[in-house]
């Protein structure tokens with residue numbers, strides 16, 4: 001199982017459980033009581049008794065994935081307690097903890113999430129100007145892009161793709177557009193990059209883009225140069241491979257969005273090594289980045 005195959009283990013439910021367990025501290029909560037919290041009485045009345053089995057499945061899947069990620073402990077008597085490793089902090093602390101266990105291939109594998117980094121890399125190499133349809137099964141495209149031996153990174157049907165999209169959005173690598181005549185998902189790492197970029201360039205007015213991307217790849221291994229990215233890119237079909245010295249379109253557009261917002265200044269300094277951004281208007285060489293705090 002994983003956060004992709006456990007279809008009810010969505011981020012907001014995990015956050016609800018985590019917040020509640022922080023309040024209860026060491027006392028924890030019984031699994032039956034937790035089920036009532038995740039499926040309130042008013043909802044039970046509307047749904048009826050026939051949905052009790054689904055409710056139990058939902059609670060079990062949420063707790064199983066939280067246990068796999070090392071967030072909670074479940075004893076034989078049904079008592080759920082929070083592990084001390086993230087027993088305090090805000091939503092950002094929870095996101096930071098989960099992020100490390102879903103993006104790094106080695107760490108993800110230890111927590112039962114071994115295929116998630118690959119799924120996210122495949123998603124990020126797609127062209128955001130052609131967003132992915134919310135209700136489409138992408139198994140054939142993934143196998144064509146990356147090979148049949150990937151098991152399509154667990155994205156083997158529409159429900160799993162949608163579950164993956166919830167997590168990609170939560171982690172800051174996607175956004176969804178839902179209108180009466182369109183329902184699509186865009187690969188966009190802007191939110192993830194903006195969480196880490198200020199730390200990478202902190203106290204430095206100007207940095208070579210290659211150094212910045214290397215450090216971002218260490219923090220976010222699904223980005224260019226990261227361990228997850230390299231593993232998937234090495235298996236991509238030739239037409240999908242990123243040219244050397246060039247960023248993917250999703251990363252390029254993310255950096256340009258930060259530039260437009262006034263948070264990032266990008267420039268090409270003469271004779272300095274540069275990386276090409278794959279922008280909508282064409283290739284754009286950039287050698288240095290400067291982070292600008294918005295006051």
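The values are calculated or read from the model by the stated rules, or taken from the named source; none is laboratory data. If you're wondering where the values come from, they're calculated on a predicted model, not measured in any experiment. Virtual Cβ from ideal backbone geometry, glycine too; neighbours counted across all protein chains shown.
What to note about this one:
- Output for the range 263-291, where each listed residue is more than 17 Å from residue 245 (Cβ to Cβ), touching a strand residue (DSSP E or B) at 6+ places or on another chain (Cβ under 6 Å) and part of a loop (DSSP other than H, G, I, E, B): none
- Test set (1) touching a helix residue (DSSP H, G or I) at 6+ places or on another chain (Cβ under 9 Å); (2) crowded, with 18+ Cβ neighbours inside 10 Å; (3) at negative phi; (4) at pLDDT 95 or above - residue 197 fails condition number: (4)
- Residues within the range 246-292 that are exposed (fewer than 12 other Cβ atoms within 10 Å of the Cβ), under 25 Å from the mean Cα position of the chain (by Cα) and either farther than 21 Å from residue 130 by Cα or modelled with pLDDT of 95 or more (or both), tallied: 2
- Filter pass, residue 216 being buried (at least 19 other Cβ atoms within 10 Å of the Cβ), within 15 Å of residue 192 (Cβ to Cβ) and not assigned by TED's automatic domain parsing to the domain that holds residue 123: no
- Only one entry in 198, 221, 208, 189 is touching a strand residue (DSSP E or B) at 6+ places or on another chain (Cβ under 7 Å) and under 27 Å from residue 14 (Cβ atoms), namely 198.
- Checking residue 161 against (1) part of a helix (DSSP H, G or I); (2) surrounded by 19 or more Cβ atoms within 10 Å (Cβ to Cβ); (3) touching a helix residue (DSSP H, G or I) at 6+ places or on another chain (Cβ under 8 Å), the condition it does not meet: (3)
- All of 128, 105, 117 fail the test of being surrounded by 17 or more Cβ atoms within 10 Å (Cβ to Cβ), touching a helix residue (DSSP H, G or I) at 6+ places or on another chain (Cβ under 6 Å) and farther than 13 Å from residue 228 by Cβ, apart from 128.
- Condition met for residue 237 (in contact with a helix residue (DSSP H, G or I) (Cβ under 8 Å, 6 or more places away or on another chain) and more than 27 Å from residue 9 (Cβ to Cβ)): yes
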